[in-house]
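Values in this text are rule-based calculations from the coordinates and carry no lab data. All values derive from a computational prediction rather than experimental measurement. Cβ placement follows ideal geometry from the backbone for every residue including glycine, while neighbour counts extend to all protein chains displayed.
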Amino acid sequence: MAIDPAIFKRIQKLMSLGANNDQEHEADAAMKKAAQLAEEHGLALSDIDMKTGKVLSIEQGFIHLVHARHNCWTHSLAVVIGECFDCKPIIQGNFNKNGRMIFIGTPTDIEIAMWYYKLIRLKTIRGASEKFELVKNQKMYGIGMLSSMRTRLKEMFKKEQEQIRTPTTTALVVVKIEEVKEEVARLFPKLGKAKSTFKMNGSQNAFQSGFQDGSNMTLHRGNIEGTQTASLTY
């Protein structure tokens with residue numbers, strides 16, 4: 001079940017408009033339209049055989065972790081994004097640059113989730129590094145960003161989509177999520193909860209700065225690789 005690239009682009013632009021608009025009624029309208037298009041064109045079901053109801057494939061995508069100073073918030077960010085796009089993030093290895101973040105889900109869900117993860121992570125790291133020299137304050141900046149972004153991401157798309165989802169679509173999405181869980185259990189039978197030793201000893205100013213920047217961050221386009229400006233396209 002292929003999704004028209006133009007539809008992907010339109011949905012993503014509407015999501016950005018809804019997430020970055022000070023006019024509440026315009027933001028709400030944009031998000032509802034994005035959710036409606038996603039349902040009409042089967043974004044959540046793009047990797048499901050509509051005749052049999054079976055998930056076509058569950059795959060893995062991975063992103064290398066960056067400096068350990070930032071990984072006190074990157075896993076939590078991945079979890080929030082995974083909840084929005086029906087993926088499961090797993091940290092493989094240590095909380096340092098030698099580890100990696102694995103996203104498990106359908107190919108379409110993974111591609112969207114990884115794009116948003118890389119975009120938000122990169123913008124947050126840049127903001128923290130440009131505004132604060134002390135590592136503890138860079139960490140606090142990231143935690144502040146996550147605090148505001150957690151709410152934005154969940155309300156940006158998932159909440160609106162669920163409000164208009166049909167019983168049939170809901171049932172198929174539940175099947176997809178269950179298959180993702182089964183694949184995670186198969187691949188990581190001894191999976192434990194990620195533990196962080198981060199201590200919140202940075203400044204409140206750094207936290208507030210990250211919170212504010214997270215509230216205002218543009219989620220439509222950005223430089224996800226550190227080399228050139230890119231937007232979410234398919």
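Model label points for Arg10 and Thr170, set 7 angstrom from Cα along the Cα-to-Cβ axis, are 2.7 nm apart. For region 51-149, the mean projected area of the C-alpha convex hull, equal to one quarter of the hull surface, is 6.4 nm². Cross-link pairs exceeding 32 Å between alpha carbons, from the set Lys139/Lys190; Lys154/Lys181; Lys54/Lys139: Lys54/Lys139. Taking label positions 7 Å along the Cα-Cβ direction at both Leu187 and Asn201, the computed distance is 3.6 nm, reported to one decimal.
Between Phe62 and Phe103, the built amide H atoms are under 5 Å apart, and every one of these is 5 or more places off in sequence or on another chain. Once the chain from Asn216 to Arg126 is taken as fully extended at 0.36 nm per residue, the excess over their C-alpha distance is 30.9 nm.
By the count of neighbouring beta-carbon atoms within 10 Å, fewest first, Arg121, Arg150 end up ordered Arg150, Arg121.
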